[in-house]
Amino acid sequence: MYAKVIVDVPSRQTNRPYDYFVPPALIPWVEVGSRVGVPFGNRTVQGFVVDLTKRPDVAAGKLKDIAGVLDAHPPLTPELVELGRWVSRTYLCHEITALQAMIPGALKAKYERLVRLEPYEESELAFLVPRQLELIRYLEAKGSVPLDDLIQRYPGEGEWIKEQIRKGRFSETNSIRDRVGRKKLLTVYPPEPPELLEQYAGELPARAARQKDVLDYLRSNPHPVPLAELTKKLGVGAGTVKGLADKGWISIREVEVFRDPYADRDFRRTAPLPLTPEQEKVFGSISRSLTNSVHRVFLLHGVTGSGKTEVYLQSIQQCLDLGREAIVLVPEISLTPQMVERFKGRFGDQVAVLHSRLSQGERYDEWRKITLGQVKVAIGARSAVFAPFTRLGLIILDEEHESSYKQEDSPKYHAREVAIRRARYFGAAVVLGSATPSLESYARAAEEKPDHPDADEEALAASRKYRLLVMKDRVEGRPLPPVHIVDMRSELKDGNRSMFSRPLYNAIEQRLQRKEQTVLLLNRRGYSTFVMCRTCGYTLSCPHCDISLTYHQSSQAVRCHYCGYAERQAQVCPNCASEHIRYFGTGTQRVEEELAKLFPGIRVIRMDIDTTSEKGAHEKWLTQFANQQADVLLGTQMVAKGLDFPNVTLVGVIAADTMLNLPDFRAAERTFQLMTQVAGRAGRHHLPGEVFVQTYTPEHYSVQCASRHDFHSFVHTELEMRKLRDYPPYCRMILVTLSHEQIPLLVRTAETFAARVKEMASAEAARTGVLSDMEVLGPVASPISRIKDRYRFQCLIKYRKDTSVSERVREAVSSFDDLVRQERLQISVDVDPYLLM
Ligand SMILES: Nc1ncnc2c1ncn2[C@@H]1O[C@H](COP(=O)(O)OP(=O)(O)OP(=O)(O)O)[C@@H](O)[C@H]1O
Ligand SMILES: [Zn+2]
Ligand SMILES: [Zn+2]
C-alpha cells in the first residue's frame, strides 16, 4: 500500500502530496489523517496522510518508506483533510499550513538533532583530552543524544563537536518530538482482591502506624487513587506508600490523565428556561432543521439581552438528543468565565473548552477528549471551528460580526466560512448570532415567510442565502437603555477640560450614592499612546517600521507593536532637546487616575492588556466585579461584550469616535457595533439602565443610529455608502502585499505583478468569451509602508461575480517564484481581508 503525504515543509515547490510506501507492519496504523514521520531530502519530517492508494504516481521502486506513525489515533479525520485542501485553495496558502492550523500546538513537530557515535578504534582516543574522552564515553552509554544537550553539557567543546560531525566521526540524525507530552500520574492500586488488605494489616509490625493508615484507607476505599491525593489526605510521605508497594502488597502505576483546567470548579447545573414567544419561534426554526438534518445557515439578529444564549443552549440540547455534536465559537475576548460557566452548567463534562489562555498541555488534553469521543460539545475561539468531531450537527458563532473570526496570519481564513463549509459536509445547521450582524451577513439573509415557514427553503439553499431570525425585544419586556450623546466640543467650549463630561460625571456620582455599578469603555483602537514633543512636534517612531512607538507606563519604555523594538522613554526630545516631551493619548491608566481624583475612594477595576495578561486574571477581575467589590469596571473592548451583571445600571463611553478616522472601510460599522454592544451591558435585569456616549462627531450616522438602537437605519445608510464606494458586500476583495528591502526593485515587481494579473484575466476572457469584472487597484505604498526594515506595496483586487479571480491571483503569485527565492521578495495574499494596512 502507498500513502500520499503532505510534508511539513511550507514552500510553494513542496505544496503537493508526496508518495511513500507503507511498510506492512504499519498498515493497520496508517489512515487518512494520520500524522507520520517520512524521509524528505536528507532528514525526517512530519507529514499528514491525505490519501491511500494501491497505485502510486511515481515508479514504486523509487519510493521511500514511511518511517513511523506518530499517534495511535489519527489527529485529523478524512473530512478535515478535505477541508484543508479547501482552505488552501480558498485562502491561497500551503496545504500544510492549513492542516497545521487544525491541530493543537502541542502536536506541531519539534525537530531535534540527535548525535550518535560512529564506530571507532580505541587507538583513535589516545590524543583526546580527558573532557573529550568523557564526552565519548557519555555518547557511548546513551546511544544518541540531542545536540542541544551535548552542547550544554560540554560547553567548551563546541568547536570540537562540530569538527567530529564534519569528519563523520559523529553522525547527526533528525527526530520529531511533540512539544508537549501526555501527563502521567502515579496512581496507587489496591491488591486484587482487596480483601487481602486485612491480612496485610495483620502482618504489619506495630510501629508501622503510618503504613497501617494507608492500608485502612484502601480497605474502606478499595479503588485506585492518585498517590499525591493519598499522601495529602493522610498526611503521610510518599516513601511510606512506596514501602507497601515494595512488599508487593499494593502497586503504584503511571496512569495517563487529562489536564483539566476546570477540575477544581463546581459548575452549578442549570435547567432549560421556559422560552419567551420570540425565543420559541427562533428555536422552532433551528430545531426543525436539526431534525431534518438539512444544512442551513441561520442569521439570528437578537438585540442585546434578548436571550440568544438560551436559544443556543436549547438548540445544542436538541442536537445532542439527536446523537450529534456541536461547536460553539465565541470571540476570544468574550470567552469569559461567565460564558464557559453557562455551557458547563448546562452540559457538564460533555463540554471541552478550547481557549488560548490554557497552557499548551491543557489545550491538547481538551482537544484529545474530542478525538476520543469523550465530549460532545466544544466551545472556543476561532480555531475551535476545526474541532475534530465526526458527527457534527450544529455550529454556533456568537457575535458573528467580530473581526477576530478572521485570522490575520496564514492561513488567513474566516471562521464563518469554514463553519459553513463543514456544516454543508455534515448536513448540519449553522447559527450566526449577533445584536449587530455584519453587513456581509445581513446582506445575505432573507426573512422567513410567516405563513409558509418551509416553502422557499429550497430556493434559499440553492442561492446559499441565510435564513434571518429576529428577536426584537429583551427578555421579560425589559427596555433597552436610553442613550445620551454628549458633544465633547461644547464641553470644551464651556471650559470643561476633563475627560469626563458633566452629564457622565453626575451619572457616576449618582450610581456611587445608590450603590449601583458602572461600566466605562475606553476604545483604545485608533488611540495610540504615542510620544510627542510639545515644543517642536517631533514624534518618536520605530527605526525599522513606519509606525509611532507606543508608551508603556509599567516599564517606562516605548515599544514598537510590529517588530518589538523597545527603548527607554526619552527625557529630552531627540530633535530639539526640549524637556517638554511626553506621551499622549488617553490610556486606561490615565482614566483610572482621573477617576480617583474626581471621586475620592472610588473602587475601580481596570481591564486592559496590561492587567489581564496573567493567567486567570480575567476571571479574578470579573468575579470581584460580580461580587460588587468595585464600583466601576473600566476597560477596553474587553468590557463591551457578553457580560451580564444585574447591578450595572450605567455605561459610559469615554470617546466613541476614535475609530472613525482609521483607513478602514469598516470604521463606521465597527463604531456602531461597539457602541451598541457596550450599551447593551446596562439594565439587563430588574434595575433600569442608562448610557452616556461622549463624542467629537455627534452628527455621524453610526453614533446617531447606535444612540437610537436603530440597526435598520444604520444598515440602510451604510449599505448605500458601500455601494457608492464599491466595497463589500457589493464586491469581493483580495489584498496582495509585496515587501522587500529595496524600493526600486519592489516598485518594479509590484507593477509587473499588477500587470500580470490583468493579462491573465484578459487571456482567460479571450479563451472563455466571458468578460472578467475584475479590477486591480494599485500598486500603492501600504498604509504601514515599512515593517522590520522591509518596504511594503500593495495591490487591491476587486471583483464581483468572476469566481476564477483567486485562481488568477494564485497563478500570478507563483509566476514570481524565482524572484521570491533569488531576491528574498515576500508576497502575501489575503482573501476577503479585514485589515487593509
Ligand atoms: N426564557 C427566559 N426566561 C427568563 N430569563 C431569560 C430567558 N432567556 C434568557 N434569560 C435571561 O436574560 C438575560 C439575557 O440573556 P443573554 O445573556 O442570553 O442575552 P444575549 O441575547 O446573549 O445578549 P448579548 O448579545 O448582550 O450577549 C440573561 O440573564 C438570561 O439568563
Ligand atoms: Zn518596529
Ligand atoms: Zn522637540
If I ask for residues that are hydrophobic (A, V, I, L, M, F, W, C), farther than 27 Å from L643 by Cβ and more than 28 Å from the chain's Cα centre (by Cα), which ones from region 272-308 would you list? V294
Set P10, P28: member being in contact (Cβ under 8 Å) with a residue 12 or more places away in the chain and either out of contact with any strand residue (DSSP E or B) (no Cβ under 9 Å at 6 or more places or on another chain) or among the hydroxyl-bearing types (S, T, Y) (or both): P10
Say we look at region 817-831 and pick out the residues that are open to solvent by less than 60 Å² (accessible area, probe 1.4 Å), of a type outside the set (G, A, S) and modelled with pLDDT of 85 or more; which of these is farthest from the chain's Cα centre (by Cα)? L825
If you scan region 771-802, which residues turn out to be without any contact (Cβ under 8 Å) to a residue 24 or more places away in the chain, touching a Lys or Arg at 6+ places or on another chain (Cβ under 9 Å) and surrounded by fewer than 20 Cβ atoms within 10 Å (Cβ to Cβ)? L777, A781
Could you please give the count of residues in region 558-576 that are at pLDDT below 80 and either within 16 Å of ligand 3 (Cβ to nearest atom) or in a loop (DSSP other than H, G, I, E, B) (or both)? 7
Tell me yes or no: at least one residue of region 578-590 is of a type outside the set (V, I, T), under 30 Å from V648 (Cα atoms) and modelled with pLDDT of 75 or more. yes
Working carefully through the options W160, W86, find the one that is out of contact with any Pro (no Cβ under 7 Å at 6 or more places or on another chain), farther than 30 Å from I827 by Cβ and surrounded by fewer than 19 Cβ atoms within 10 Å (Cβ to Cβ). W160
I'd like the residue in region 535-573 that is in contact (Cβ under 8 Å) with a residue 24 or more places away in the chain and among the hydroxyl-bearing types (S, T, Y) and, out of all such residues, is farthest from ligand 1 (Cβ to nearest atom). T535
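Counting only residues that are open to solvent by less than 40 Å² (accessible area, probe 1.4 Å), outside any strand (DSSP E or B), touching a residue at least 60 places away in the same chain (Cβ under 8 Å) and more than 16 Å from ligand 1 (Cβ to nearest atom), how many does region 617-643 have?
Summing the residues that are open to solvent by less than 40 Å² (accessible area, probe 1.4 Å), outside any strand (DSSP E or B), touching a residue at least 60 places away in the same chain (Cβ under 8 Å) and more than 16 Å from ligand 1 (Cβ to nearest atom) in region 617-643 gives 4.
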Among (1) modelled with pLDDT under 80; (2) among the hydroxyl-bearing types (S, T, Y); (3) outside the structural domain of V648 (by TED's automatic domain parsing); (4) over 26 Å from M499 (Cα atoms), the one test that S555 misses: (4)
Does at least one position in region 29-38 carry a residue that is in a strand (DSSP E or B) and over 27 Å from the mean Cα position of the chain (by Cα)? yes
Could you please let me know if I420 is among the β-branched types (V, I, T) and surrounded by fewer than 24 Cβ atoms within 10 Å (Cβ to Cβ)? yes
With respect to A750, is the statement that it is open to solvent by less than 30 Å² (accessible area, probe 1.4 Å), touching a residue at least 12 places away in the same chain (Cβ under 8 Å) and touching a helix residue (DSSP H, G or I) at 6+ places or on another chain (Cβ under 7 Å) true? no
Identify the single condition in (1) touching a Phe, Trp or Tyr at 6+ places or on another chain (Cβ under 6 Å); (2) closer than 23 Å to E417 by Cβ that A384 does not satisfy, given that it satisfies every other one. (1)
Quick one: I396 ticks every box in (1) in contact (Cβ under 8 Å) with a residue 40 or more places away in the chain; (2) assigned to a loop (DSSP other than H, G, I, E, B); (3) in the same structural domain as L300 (by TED's automatic domain parsing) except a single one, so which number is it? (2)
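Okay, residues lined up against (1) within 27 Å of D71 (Cβ to Cβ); (2) in contact with a strand residue (DSSP E or B) (Cβ under 7 Å, 6 or more places away or on another chain); (3) crowded, with 19+ Cβ neighbours inside 10 Å:
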{"residue": "D321", "(1), (2), (3)": "no, no, no"}
{"residue": "V340", "(1), (2), (3)": "no, yes, yes"}
{"residue": "R363", "(1), (2), (3)": "yes, yes, yes"}
{"residue": "R368", "(1), (2), (3)": "yes, no, yes"}
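Scanning for something of a type outside the set (G, A, S), at positive phi and within 16 Å of ligand 1 (Cβ to nearest atom), does region 333-355 turn up at least one residue?
Step one: list which residues in region 333-355 are of a type outside the set (G, A, S), which gives 333, 335-344, 346-347, 349-351, 353-355.
When the remaining residues are screened for being at positive phi, the result is none.
No: region 333-355 contains no residue that is of a type outside the set (G, A, S), at positive phi and within 16 Å of ligand 1 (Cβ to nearest atom).
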Within region 540-570, which residues are away from ligand 2 (no atom under 14 Å from the Cβ), polar (S, T, N, Q) and surrounded by 14 or more Cβ atoms within 10 Å (Cβ to Cβ)? Q569
Selection within region 490-518 - open to solvent by less than 70 Å² (accessible area, probe 1.4 Å) and assigned to a loop (DSSP other than H, G, I, E, B): G495, N496, S498, M499, F500, S501, E516
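The values are calculated or read from the model by the stated rules, or taken from the named source; none is laboratory data. Worth saying up front: this structure is predicted, and the values here are computed from it rather than measured. No Cβ is skipped: glycine too gets one built from the backbone with ideal geometry, and neighbour counts run over all protein chains shown. Surface accessibility is based on the protein's heavy atoms, side chains included, excluding ligands, DNA and RNA. Shrake-Rupley method; radii C 1.70, N 1.55, O 1.52, S 1.80 Å.
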